[in-house]
1. Within region 23-34, can one find any residue that is within 13 Å of residue 93 (Cα to Cα), touching a strand residue (DSSP E or B) at 6+ places or on another chain (Cβ under 9 Å) and either open to solvent by 50 Å² or more (accessible area, probe 1.4 Å) or at pLDDT 95 or above (or both)?
2. Provide a single number: the residues in region 93-115 that are over 19 Å from residue 31 (Cβ atoms) and buried (at least 19 other Cβ atoms within 10 Å of the Cβ).
3. Do we have residue 70 as in contact (Cβ under 8 Å) with a residue 12 or more places away in the chain, surrounded by 13 or more Cβ atoms within 10 Å (Cβ to Cβ) and not in a strand (DSSP E or B) here?
4. All but one of (1) within 12 Å of the chain's Cα centre (by Cα); (2) open to solvent by less than 50 Å² (accessible area, probe 1.4 Å) hold for residue 85; state the number of the condition that does not hold.
5. Would you pick out the residues in region 47-65 that are in contact with a strand residue (DSSP E or B) (Cβ under 6 Å, 6 or more places away or on another chain), within 19 Å of residue 31 (Cα to Cα), open to solvent by less than 70 Å² (accessible area, probe 1.4 Å) and assigned to a loop (DSSP other than H, G, I, E, B)?
6. For the condition open to solvent by 70 Å² or more (accessible area, probe 1.4 Å), in a strand (DSSP E or B), in contact with a strand residue (DSSP E or B) (Cβ under 7 Å, 6 or more places away or on another chain) and hydrophobic (A, V, I, L, M, F, W, C), what is the one hit in 11, 20?
7. Based on this model, can you work out whether residue 80 counts as open to solvent by less than 70 Å² (accessible area, probe 1.4 Å), in contact (Cβ under 8 Å) with a residue 40 or more places away in the chain and in a loop (DSSP other than H, G, I, E, B)?
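The values are calculated or read from the model by the stated rules, or taken from the named source; none is laboratory data. Everything numeric in this text was worked out from a predicted model, so none of it was measured. Counting neighbours? That spans all protein chains shown, and the Cβs are built from the backbone with ideal geometry, glycine included. We work out accessible area using only protein heavy atoms, side chains counted, and drop any ligands, DNA or RNA first. Shrake-Rupley method; radii C 1.70, N 1.55, O 1.52, S 1.80 Å.
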Amino acid sequence: QVQLVESGGGLVQFGGSLRLSCATSGSIFSIAVMGWYRQAPGKQRELVADITSGGSTNYADSVKGRFTISRDGAKNTVYLQMNTLKPEDTAVYYCTADIRPTGPATGRKYWGQGTQVTVSS
């Protein structure tokens, strides 16, 4: 059973920093893209950033220059370093991973349970 577990969310003041982590577990053959989405109250879920197995990254315009995504291939873990946080960054943050499990199961996108990030003004 493949699982993704996020950690690192919390309450931070305007201009502060947080680092989110997402660890995978289970019978994993390979992981392609890993990423972070967020969903604020009353808004649609949006992509924040993603990273390929080769290290290519992609960011939402709203976080470019402030957030950095990285991954540890040996640990199958993805991180999101968030700096200069703003109140509009307040949301539930979800990690994702395009995983091919071992065995006959086909690959698909897996989601974590989400972690709350709240930025106070």
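1. Scanning region 23-34 turns up no residue that is within 13 Å of residue 93 (Cα to Cα), touching a strand residue (DSSP E or B) at 6+ places or on another chain (Cβ under 9 Å) and either open to solvent by 50 Å² or more (accessible area, probe 1.4 Å) or at pLDDT 95 or above (or both).
2. So the count comes out to 1.
3. No; evaluated as a whole, the condition is false for this residue.
4. (1)
5. Hit for region 47-65 is 52, nothing else.
6. Only one candidate qualifies: 11.
7. no
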